[in-house]
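So the structure is just underneath, and the comments pick up after that.
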Amino acid sequence: MSEHVLALKGLGKDYGARKAVDAIDLDVKRGEIFGLLGPNGAGKTTTISMACGVVAPTRGRAAVDGHDIVDDKFAARRAIGLVPQDLALYDELSPRQNLTFFAQLYGLAGTELASRVDWAIGVAGLADRAGDLVKTFSGGMKRRLNLACGMIHKPTLLVCDEPTVGVDPQSRRHIFDSIKRLRDDGMTVLYTSHYMEEVEELCDRVAIMDAGKIVACGSIAELTTAHGGGGIEVEVGGDDAIVEAAARAAGATRAGSLLHLDPRDTWAPAITAIEGAGATIKRLGARRADLETVFLALTGRGLRDS
Amino acid sequence: MPGILRPTIEKEILLLKRDPRVLVRLIVMPVAFIALFGMAFKGQERRAKELHPVIVFRDLAASRGVAIVEALKGSGMFNVVEAKNAEEVRAKVEKEDFDVGVVIDHDFDPLGGRPAHLVIDKNGPQQKTQPLIGSISAIATRAFVGGPPPPKVVDIVDPTDPAHAQEQASPFQLTVPGNAVLFGFFIALTCALGFAEERRSGTWRRLLAAPVPAWKLLVAKLVPYVALGMIQVGTLFAIGVFAFGMKIQGSVIALAVLTFAVACAATACGLMIASFSSTEKQISSLGSVLILIMGLVGGCMFPRMLMPHVMQQIGLGVPHGWALDGYYTLLVRSGAGFADVMPQIGAVFGFAALFALIGLRRFRFDT
């Protein structure tokens, strides 16, 4: 049994002259929840689509649970479960009918099919609505069913592409708990999201993509240490004009009365400059970096509309 | 490899059952069209069998005109209504109560250069005015000249092989196949919209991620529409037979095979439409126009046999023309069998293959 459930080696995809995904190397370890982050157009969905066999790669190789996605594609696809970003459900069918159909695509039949459908309905928390048409469901209920349809065949690797978009806090919590339970039961999860706090809560390791490349990969602690910047955080007193002047004089970024000093700068002259601008220093300490800081540091603050 | 045909067919049937628009488009609308067209053709047929009304005024002084009036009455072609005066004849023809009138005045004397008057709108449709002018003139002339019946100068020859003698087509034998083929091809629209819906909702992406070959997904997606097409056309023919008294003179098995070919062509046409369009709007507009033009050219709305020769030939450039030729043969020609419609069945299957080939070459399997 391979240590890596998903192994990407130089995997890339071109659309005409545009490189959607360059040539990425990535390993997802068995039993972990792995986060894939990136701004819009970074290549996350294309990467996932290649791993799932939905899009043919232009270059490189990928293997799911040891099965090559080109040479042994059906075994690879059987080992993977896709929870697409879209609510990929038949609205005119019930949850039971949706789950039954998608389970049959993976060869489930008879009593195993029936028990697996019951299990997935339970995981989705839809037991009392299993016979109702999906079109009558709320967004949260559809999201939960979307997740259930992706895991109905108990794949080795569950790929969740932004599975909590537009859901209420209760459904989001339900989805988190379900994913954690699946991981505890041995399933590996590849998780993409724009919500940093989700990734921080769920993921054991994270890769950040930008412009079709992996720009960082590691545990959240490793990433914040390497890319979070740290630096010094200074809380200053004084009116708004004084605080603004102090920020300019020290070359700091300002967030209200907090001034953030770049760790690459020598900070003693900056403290002198703050005091010289007329501000009083109330507190001074090490700045705690989070995943969002890392993300913005690595991918920049420019808008990504593509 | 998991068998996906049965689950996919079951799923498609469930989805189609829950969409009442499909039932309206595929069954209710064509039945309404068949009933309306059938009634209209039936009215025309009844009028064609009725004697043509003609209003006649003969002045009592025009004694030599009596023979003409009697000849018109005895011709078996006209229902002669006598008017009180010449003005009444002119007024009733002008009001279009009658297509034609005859006035025989008191000074009626053809040898003296004073003939009877045929009152008719000379600018009316030629196919109506010319036969009236010709037949009334001939009857009046013969009645005036008198003498023994003339010898037969022209005989009528029917070139049809007596073994293939066919009955006069009834109105429903024309309208049922026409509407069945026209609306049968609306399956193409339903099928293409099915693909667009799968793409829009993201289910197509989920299907592509399953351990199933893409061609199997495609076949499984198309088969229910072929079955639906057969059920639809079969239902329309059954309604034609049981509700409207339409006769099927030829082989029912050949009829079923031809229907299978039509359902295949319509479904393949759906694949082709889906491959040329990416949104439901595009499919609706492109598909509707294509289906209606093919139906019009192929003779579904107006029988091809009544079209100019060039249009009749153009009609064979679409499957509808071939399908209708086959259906008319099987409905009207007594004892017509599989061999009699082999070219039509072959041609319709040929169109199915062509549409499928074009559709497959352009169809985007990925998302």
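Residue-wise test of (1) away from chain A (no Cβ under 14 Å); (2) over 30 Å from A:PRO84 (Cβ atoms); (3) in a helix (DSSP H, G or I).
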site: B:ALA268; (1), (2), (3): yes, no, yes
site: B:ILE273; (1), (2), (3): yes, no, yes
site: B:SER284; (1), (2), (3): yes, no, yes
site: B:GLY287; (1), (2), (3): yes, no, yes
site: B:TYR327; (1), (2), (3): yes, yes, yes
site: B:LEU330; (1), (2), (3): yes, yes, yes
site: B:GLY335; (1), (2), (3): yes, yes, no
site: B:ALA356; (1), (2), (3): yes, no, yes
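Taken across the range A:89-97, residues that are small (Gly, Ala, Ser) and either away from chain B (no Cβ under 11 Å) or part of a helix (DSSP H, G or I) (or both) do not occur at all.
What are the residue pairs meeting all of these: first residue in the range B:194-207, first residue within 7 Å of another protein chain (Cβ to nearest Cβ) and farther than 17 Å from A:VAL159 by Cβ, second residue surrounded by fewer than 22 Cβ atoms within 10 Å (Cβ to Cβ) and at pLDDT 90 or above, Cβ atoms under 6 Å, and 6 or more apart or on different chains? Final answer for the pair search is none.
Okay, residues lined up against (1) modelled with pLDDT of 90 or more; (2) surrounded by fewer than 20 Cβ atoms within 10 Å (Cβ to Cβ):
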residue: B:ASP155; (1), (2): no, yes
residue: B:ASP158; (1), (2): no, yes
residue: B:GLU167; (1), (2): no, yes
residue: B:PHE185; (1), (2): yes, no
residue: B:PHE237; (1), (2): yes, no
residue: B:MET246; (1), (2): no, no
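Please work out if A:PRO39 is within 14 Å of chain B (Cβ to nearest Cβ) and not acidic (Asp, Glu). Against the criterion (within 14 Å of chain B (Cβ to nearest Cβ) and not acidic (Asp, Glu)), A:PRO39 does not qualify. Considering the conditions (1) over 30 Å from A:GLY150 (Cβ atoms); (2) within 14 Å of chain A (Cβ to nearest Cβ), B:VAL212 is excluded by exactly one of them, (1). For the structure I just gave you, tell me whether A:GLU32 is acidic (Asp, Glu), in the same structural domain as A:SER138 (by TED's automatic domain parsing) and under 24 Å from the mean Cα position of the chain (by Cα). Against the criterion (acidic (Asp, Glu), in the same structural domain as A:SER138 (by TED's automatic domain parsing) and under 24 Å from the mean Cα position of the chain (by Cα)), A:GLU32 qualifies.
Among residues that are in the same structural domain as A:GLY31 (by TED's automatic domain parsing) and either at pLDDT 90 or above or touching a helix residue (DSSP H, G or I) at 6+ places or on another chain (Cβ under 8 Å) (or both), A:HIS194 is not included. In the range B:130-155, the residues that are under 16 Å from B:ARG64 (Cα atoms) and assigned by TED's automatic domain parsing to the domain that holds B:VAL66 reach residues that are surrounded by 13 or more Cβ atoms within 10 Å (Cβ to Cβ) and hydroxyl-bearing (Ser, Thr, Tyr) with C-beta atoms within less than 7 angstrom, at least six apart or across chains, in these pairs: B:ILE139/B:SER75.
Those strands (runs of 3 or more DSSP E) of the range A:199-278 in which at least 1 residues are over 30 Å from A:LEU11 (Cβ atoms), considering only elements entirely within it, cover A:232-237, A:253-255, A:258-261. Taking the range B:1-112 as the region of interest, the helices (runs of 4 or more DSSP H) fully inside it that hold 2 or more residues being more than 23 Å from B:GLY134 (Cβ to Cβ) and within 14 Å of chain A (Cβ to nearest Cβ) are B:5-17, B:20-23.
Out of A:LYS73, A:LYS9, A:LYS44, one residue alone is basic (Lys, Arg) and touching a residue at least 60 places away in the same chain (Cβ under 8 Å). It is A:LYS44. Residues in the range A:33-48 include none that are under 22 Å from A:SER178 (Cβ atoms), out of contact with any Lys or Arg (no Cβ under 6 Å at 6 or more places or on another chain), surrounded by fewer than 21 Cβ atoms within 10 Å (Cβ to Cβ) and of a type outside the set (S, T, N, Q). For the range A:98-142, the candidate set comprises residues that are assigned to a helix (DSSP H, G or I) and among the acidic types (Asp, Glu); within that set, the residue that is nearest to the other protein chains (Cβ to nearest Cβ) is A:GLU112.
Every condition in (1) more than 10 Å from chain B (Cβ to nearest Cβ); (2) assigned to a loop (DSSP other than H, G, I, E, B) is met by A:ALA56 except one, and the failing one is (1). Of the candidates B:VAL348, B:VAL318, B:VAL341, the single residue that is crowded, with 21+ Cβ neighbours inside 10 Å, within 28 Å of B:MET246 (Cβ to Cβ) and either touching a Ser or Thr at 6+ places or on another chain (Cβ under 6 Å) or charged (D, E, K, R) (or both) is B:VAL341.
Is the range A:178-194 home to any residue that is of a type in the set (A, V, I, L, M) and closer than 22 Å to A:ASN40 by Cα? The answer is yes; a qualifying residue exists.
The values are calculated or read from the model by the stated rules, or taken from the named source; none is laboratory data. Keep in mind the model is a prediction, meaning the values are calculated, not measured. Cβ coordinates were reconstructed from backbone atoms using ideal geometry, including for glycine residues, and neighbour counts include every protein chain displayed.
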